[in-house]
């Protein structure tokens with residue numbers, strides 16, 4: 001799409017291919033953008049927004065469902081991640097950002113071995129067992145990009161962004177296993193601290209402190 005301009009939607013999330021994205025569209029520029037993509041049946045690009053700007057690797061999305069239209073032009077929509085891309089330039093001719101992009105996918109490699117998939121899935125299930133929020137996912141071990149399913153539950157945008165840009169499923173799964181080996185005990189410790197924290201609002205100290 002180097003000759004075309006992809007509409008861009010900066011958000012505080014990392015979108016992965018084939019994952020769901022519910023959105024409430026309320027800003028005028030994005031009401032215009034979504035209206036344009038619906039009319040032209042095109043994709044828009046979701047990019048992670050940072051204080052210093054937007055990142056240059058993102059994922060396109062298509063609007064699958066318009067759940068509700070409001071009289072003022074706002075919309076509740078359901079979108080799905082499609083293709084990864086690298087943003088080459090920014091174009092500000094419209095009210096919303098656009099840019100030429102270069103699409104990419106994984107490089108050819110042997111399928112991820114089942115033991116590696118299972119190890120990543122086990123770490124995922126351990127994390128989900130004590131996380132109270134997040135999507136109710138049922139990962140499919142047969143998915144050639146299982147890592148994208150598993151990464152959704154990890155509440156670390158920098159880590160998710162790194163995974164999005166990697167072009168090897170084997171490498172992504174290894175990164176997930178390594179990351180969760182440190183992240184899961186840390187989250188378990190946080191959960192323990194919450195369980196002994198004061199709950200009556202009077203600032204009383206708990207009687208004992210659990211060791212990590």
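The values are calculated or read from the model by the stated rules, or taken from the named source; none is laboratory data. For clarity, every value in this text was computed on a predicted model and none was experimentally measured. Cβ: placed from backbone, ideal geometry, glycine included. Neighbour counts: every protein chain shown.
Of the residues making up the range 50-66, those that are part of a strand (DSSP E or B) and free of Cβ contacts under 8 Å to residues at least 12 places away in the same chain are 50, 53.
From the list 21, 15, the lone residue that is assigned to a loop (DSSP other than H, G, I, E, B), in contact with a strand residue (DSSP E or B) (Cβ under 6 Å, 6 or more places away or on another chain) and within 30 Å of residue 138 (Cβ to Cβ) is 15. Do the conditions hold for residue 10, that is, is it in a strand (DSSP E or B), buried (at least 16 other Cβ atoms within 10 Å of the Cβ), touching a residue at least 24 places away in the same chain (Cβ under 8 Å) and under 22 Å from the mean Cα position of the chain (by Cα)? It is true that residue 10 is in a strand (DSSP E or B), buried (at least 16 other Cβ atoms within 10 Å of the Cβ), touching a residue at least 24 places away in the same chain (Cβ under 8 Å) and under 22 Å from the mean Cα position of the chain (by Cα). Of the candidates 77, 54, the single residue that is modelled with pLDDT under 95, out of contact with any helix residue (DSSP H, G or I) (no Cβ under 6 Å at 6 or more places or on another chain) and surrounded by 14 or more Cβ atoms within 10 Å (Cβ to Cβ) is 54.
Of all the numbered requirements in (1) exposed (fewer than 15 other Cβ atoms within 10 Å of the Cβ); (2) at pLDDT 90 or above; (3) part of a loop (DSSP other than H, G, I, E, B), residue 141 misses one, and that requirement is (2). Determine if the range 85-101 includes at least one residue that is modelled with pLDDT of 90 or more, under 18 Å from residue 19 (Cβ atoms) and buried (at least 16 other Cβ atoms within 10 Å of the Cβ). Checked against the condition, which is being modelled with pLDDT of 90 or more, under 18 Å from residue 19 (Cβ atoms) and buried (at least 16 other Cβ atoms within 10 Å of the Cβ), the range 85-101 yields at least one hit. Being under 22 Å from residue 20 (Cβ atoms), surrounded by fewer than 14 Cβ atoms within 10 Å (Cβ to Cβ) and in the same structural domain as residue 180 (by TED's automatic domain parsing), is that true of even one residue in the range 114-128? Yes: one or more hits.
From the list 47, 80, exactly one residue is touching a residue at least 60 places away in the same chain (Cβ under 8 Å), under 18 Å from the mean Cα position of the chain (by Cα) and either assigned to a helix (DSSP H, G or I) or under 30 Å from residue 166 (Cβ atoms) (or both). Which is it? Selected residue: 80, the only one of 47, 80 that is touching a residue at least 60 places away in the same chain (Cβ under 8 Å), under 18 Å from the mean Cα position of the chain (by Cα) and either assigned to a helix (DSSP H, G or I) or under 30 Å from residue 166 (Cβ atoms) (or both).
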